[in-house]
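The values are calculated or read from the model by the stated rules, or taken from the named source; none is laboratory data. These numbers come from a predicted model, not from an experiment. Glycine gets a Cβ as well: all are built from the backbone with ideal geometry, and neighbour counts include every protein chain shown. Just the protein is used for accessible areas: all its heavy atoms, side chains included, with ligands, DNA and RNA removed. Shrake-Rupley method; radii C 1.70, N 1.55, O 1.52, S 1.80 Å.
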Amino acid sequence: MTASAAPVIEIRNLHKAYGSLEVLKGVDIQAPAGHVVAMIGSSGSGKSTLLRCCNLLEDSQQGEILFEGEPVRWRGTGLSRRPADRAQVVRIRTNLSMVFQSFNLWSHMSILQNVMEAPVTVLKRDPKEVEARARAYLDKVGIGDKAEAWPAQLSGGQQQRAAIARALCMEPKALLFDEPTSALDPELEQEVVRVIKALAQEGRTMIIVTHDMRLAADVAHHVVFLHKGRIEEEGPPQQLFGNPQTERLRGFLSATRAA
């Protein structure tokens, strides 16, 4: 990335509320090209909400969201604020592939069909070209032999790796992970962690919401600790995990290690 290149994703002073409950209280985050940003914090701190706002799955009430320097256009204010340009929303979403905690695979489609569906139907790509790419990504995440299987026939770790292949098949500018391993037992969790680490080593731009401090320490260039909708502390992983500056982060890390 050149010094003048805009971050792939940039959030400025973002506020998000559900009625009178303010969940995000002025958050700033940048994800430069090729960088991994990890977001940590207790349940209810606003991590997943922030990720969904990045992908415009949730509407925010104040602040800016920029994709490669292009600001999202809004209409209305406060709780009535909505994106003003539907085509812009679709374009941004197709470039920010999201991997959810609960896999979200379509049960009536084979694994291969799941991976192919969005590039064919949303991007209108040639099915033969997409199938070749989908099979390559399934191989990449280690489940190429499961292409014709149904989601119910796969373990949780295999389903999450299929979800990652589906996200990759969109050829996105960035990947957004929302607690990608929290629904898995420890053995299956490591299958997914290995895939995420490999993607980080490739230089993929990623924002990862995670409860796994080791994953955050191993793959992130920048770690953000959210507490009650605000950034309490942020910086390189060596700094946050090795020398936390705030009492809240020290307490959070102590509780995480004890769990």
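Pairs, please: C-beta under 8 Å, at least 6 apart or cross-chain, first residue at positive phi and in the range 98-120, second open to solvent by 10 Å² or more (accessible area, probe 1.4 Å)? Between residues of the range 98-120 that are at positive phi and residues that are open to solvent by 10 Å² or more (accessible area, probe 1.4 Å), the close pairs are F103/G156; F103/Q159; F103/A183. Scanning the range 139-193 for residues that are open to solvent by 40 Å² or more (accessible area, probe 1.4 Å), touching a residue at least 60 places away in the same chain (Cβ under 8 Å) and in contact with a Leu (Cβ under 9 Å, 6 or more places away or on another chain) gives a single hit, K173.
Taken residue by residue, the range 111-131 has at least one member that is closer than 24 Å to T181 by Cβ, of a type outside the set (A, V, I, L, M) and touching a Pro at 6+ places or on another chain (Cβ under 9 Å). Among the residues making up the range 71-114, those that are open to solvent by 40 Å² or more (accessible area, probe 1.4 Å) and more than 26 Å from I164 (Cα to Cα) are P71, R73, W74, R75, G76, T77, L79, S80, R82, A84, D85.
So that you can scan it fast, the table gives a plain yes or no per residue for (1) within 22 Å of E10 (Cβ to Cβ); (2) open to solvent by 40 Å² or more (accessible area, probe 1.4 Å); (3) of a type in the set (V, I, T):
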position: A217; (1), (2), (3): no, yes, no
position: H222; (1), (2), (3): yes, yes, no
position: G229; (1), (2), (3): yes, no, no
position: Q239; (1), (2), (3): yes, yes, no
position: N243; (1), (2), (3): no, yes, no
position: L249; (1), (2), (3): no, no, no
position: L253; (1), (2), (3): no, no, no
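Looking at E64, E68, just one residue is surrounded by 15 or more Cβ atoms within 10 Å (Cβ to Cβ) and modelled with pLDDT of 95 or more, and that residue is E68.
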